[in-house]
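Here is the structure we will look at, set down as structure tokens.
The values are calculated or read from the model by the stated rules, or taken from the named source; none is laboratory data. As the structure is a computational prediction, the values presented were derived from the model and not from experiment. Neighbour counts are summed over all protein chains in view; Cβ atoms, including those assigned to glycine, are modelled from backbone coordinates with ideal geometry.
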């Protein structure tokens, strides 16, 4: 009985000591830290999917009435630039939804599209890095109405996950295993 009580007390003590360490790792901004963590996950999947798809398949469409794989990559880049620029209170440094600036509409090669995608994520990385929970509560006007800055960054993460789902389908149709289904650490893609 004494051993059981001692072990239970030790577990509780360990949890109490660990809780502040976890909070400290997130800093005083657990909401924005959590949002960045989700964003980093999808960023990795989208970038690896874009890299893994062969250049010849960038023009591939699952059906004639949907975007090609390359257009999906360009669309994600455009949205990243627009949304993160809105949160930053800036004009998008490139891309956008206008036909004269849209990466989706103007670029077709894998090299150009993956570069634009990488640039868009690098831009969003800076916006996420500067975000705080307090700053994330500020309201901005967006193309979907007024939203808190942190909520609009989360909107972007959800948008990226949505289109990663499209990319997964395209990759499967081309016989490729998507990054999220690859075995951890092996890169073989043998599971799922």
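Descriptive notes on the structure:
- Any chance residue 108 is at pLDDT 95 or above, surrounded by fewer than 12 Cβ atoms within 10 Å (Cβ to Cβ) and over 17 Å from residue 126 (Cβ atoms): no
- Cβ-Cβ under 7 Å pairs, at least 6 apart or on other chains, segment 84-97 side within 14 Å of residue 74 (Cα to Cα), far side assigned to a loop (DSSP other than H, G, I, E, B): 95/101; 95/102; 96/102
- Filter result (closer than 15 Å to residue 114 by Cβ, more than 22 Å from the chain's Cα centre (by Cα) and surrounded by 15 or more Cβ atoms within 10 Å (Cβ to Cβ)) within segment 35-71: 57
- Residue check for residue 98: out of contact with any strand residue (DSSP E or B) (no Cβ under 7 Å at 6 or more places or on another chain) and over 28 Å from residue 174 (Cα atoms): yes
- Test: residue in segment 87-97 that is closer than 19 Å to residue 66 by Cα, surrounded by 15 or more Cβ atoms within 10 Å (Cβ to Cβ) and at pLDDT 95 or above: no
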